[in-house]
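Notes follow the structure.
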Amino acid sequence: IAKEVAKLLEMKAQLGGDETKHKFVLKTPKGTRDYSPKQMAIRERVFDTIIACFKRHGAEVIDTPVFELKETLTGKYGEDSKLIYDLKDQGGELLSLRYDLTVPFARYLAMNKITNIKRYHIAKVYRRDNPAMTRGRYREFYQCDFDIAGQFDPMIPDAECLKIVHEILSDLQLGDFLIKVNDRRILDGMFAVCGVPDSKFRTICSSVDKLDKMPWEEVRSEMVGEKGLSPEAADHIGEYVQLHGGLDLVERLLQDPRLSQNKLAKEGLGDLKLLFEYLALFGIAGEISFDLSLARGLDYYTGVIFEAVLLQPENDHVEEPVGVGSVAGGGRYDGLVGMFDPKGRKVPCVGVSIGIERIFSILEQRVEASQEKIRTTETQVLVASAQKKLLEERLKLVSELWDAGIKAEVLYKKNPKLLNQLQYCEDTGIPLVAIVGEQELKDGVIKLRDVATREEVNIRRETLVEEIRMRTSRP
């Protein structure tokens, strides 16, 4: 026996040693996060605002699988393709987690032969990025997309997408914002007349896109030094990309001796002129800026592109308001559906994506700073009792309220103290308490207490539901 015990102890020691080697770490995977009830309450408030806007504009909702065939996603994102999460081969299909909601939408249209739809889609997407979680960048995050697909007269759907961005950012009360607009064709036309070789369009484009983060001198030296562009071509580009304005700038460029000679640029400017006329009718032209430095990750865009940035208020040290970062972006992509269609049939599309994670981090910080109390439940009334031995009566009443569609709770104790029940309402923000008492039961009434004012009234049991509804429907 002693021998066996020694052997077992030795085995135990070995296992114990292993335990210390493989210490289980309790954490979420890199680039992901949990959401507490308080954070979810803020998140739901934001989603409700956004969905209400999408529905106001007549959008339908769709959903697609969280993973797609790998080849569906390949070749659609340019340089960013390296950030796609590939899954292990399971059952003969090579799969990847979706990287955005636009490519699955295009696949859905082509697969179902849909040529006309206005849809929204809110879901998680995945990117194998090096996350900067402090700035609202994650590996798993929500996207919030609205798209209009179909053959329509120019710029009417595009103007509506900009109106939607304007409505959502105004409704969320995030502060001042600016929506920058440009057109892929104007950029390509500008590169052509400035002497950029065709083969360098994409790479020069990605340099231009850095102008919101870097001064022109640094962007110019990247173009010339790293990307081999001639200094003359870079200087010509510089004359254009530092311009921003409204309809007046569009009209000025239509008269520009170089740009007006370029077919693509002329088409793009003609469409932007129309766009600004529609934006003026929508009453939002004041917050829209035609900005020739806006390039966006341009792999599938074919026409108008736009991006919304929040502005920090002006102060004594800063002449102009500064952008805090992009909170929405989108544009026209007329060729994407055709990439999936066996016959190459094109379905023109324009859409917008709301940068929901960045909006959450702004609102969360704001709530922290203001110490505003956020309710995490929607309970309208707590069913309480003032004396002992009334559990059955409380359960009967709470059940009646639930059946009538009232959001109600009861404490899970047989004989809770009235003070504890009232304290629970204070802590969770429940506005009303329905108090059951022996005398009230005899009289056929319930004592209804307003938690904030501490005012109590006796309400006949048969009118209690009506009274609760009336008191909690007030704004």
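Just checking, how many residues over region 376-391 are within 19 Å of V465 (Cα to Cα) and open to solvent by 80 Å² or more (accessible area, probe 1.4 Å)?
The qualifying residues number 1.
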Worksheet, complete the sentence: Of (1) within 23 Å of the chain's Cα centre (by Cα); (2) in a loop (DSSP other than H, G, I, E, B), G283 fails just (1)
Worksheet item: Any idea which residue in region 268-286 is surrounded by the fewest Cβ atoms within 10 Å (Cβ to Cβ), counting only those that are among the hydrophobic types (A, V, I, L, M, F, W, C) and under 21 Å from G189 (Cβ atoms)?
Response: L274
Fill in: Extreme residue, most open to solvent (accessible area, probe 1.4 Å), among residues of region 155-213 that are touching a helix residue (DSSP H, G or I) at 6+ places or on another chain (Cβ under 7 Å), farther than 24 Å from L363 by Cβ and of a type in the set (D, E, K, R)
K210
Item to complete: Inspect all residues belonging to region 67-75 and state whether any of them is in the same structural domain as V327 (by the TED database), within 24 Å of G325 (Cβ to Cβ) and either more than 20 Å from the chain's Cα centre (by Cα) or open to solvent by 40 Å² or more (accessible area, probe 1.4 Å) (or both).
Response: no
Practice prompt. Can you tell me which residue among R345, R394 is basic (K, R) and open to solvent by less than 40 Å² (accessible area, probe 1.4 Å)?
Written response: R394
Worksheet item: Which residues, taken from region 403-432, are exposed (fewer than 14 other Cβ atoms within 10 Å of the Cβ) and aromatic (F, W, Y)?
Response: Y412
Practice prompt. With a cut-off of at least 3 residues that are modelled with pLDDT of 95 or more, touching a helix residue (DSSP H, G or I) at 6+ places or on another chain (Cβ under 7 Å) and under 18 Å from Q387 (Cα atoms), name the strands (runs of 3 or more DSSP E) lying wholly within region 420-475.
Written response: 432-436, 445-450
Worksheet item: When residues of region 282-294 are filtered for being free of Cβ contacts under 8 Å to residues at least 60 places away in the same chain and hydrophobic (A, V, I, L, M, F, W, C), how many remain?
Response: 1
Item to complete: Considering (1) without any contact (Cβ under 8 Å) to a residue 40 or more places away in the chain; (2) surrounded by fewer than 15 Cβ atoms within 10 Å (Cβ to Cβ); (3) not aromatic (F, W, Y), say which one G58 fails and leave the rest.
Response: (1)
Worksheet item: Name the residues in region 21-63 that are under 24 Å from R98 (Cβ atoms) and β-branched (V, I, T), would you?
Response: T28, T32, V46, I50, I51, V61, I62
Discussion item. Going residue by residue through region 311-334, is there one that turns out to be assigned to a helix (DSSP H, G or I) and either over 19 Å from H57 (Cβ atoms) or modelled with pLDDT under 75 (or both)?
Written reply: no
Fill in: Cβ-Cβ under 9 Å pairs, at least 6 apart or on other chains, region 242-267 side buried (at least 18 other Cβ atoms within 10 Å of the Cβ), far side in a loop (DSSP other than H, G, I, E, B)
L249/L243; L249/L292; L253/L243; L253/L292; A265/D256; A265/R258
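The values are calculated or read from the model by the stated rules, or taken from the named source; none is laboratory data. Values in this document were obtained by computation on a predicted structure and should not be read as measured data. Heads up, the Cβs are rebuilt from the backbone with ideal geometry, glycines too, and the neighbour counts pull from every protein chain shown. Accessible surface areas use protein heavy atoms only, side chains included; no ligands, DNA or RNA. Shrake-Rupley method; radii C 1.70, N 1.55, O 1.52, S 1.80 Å.
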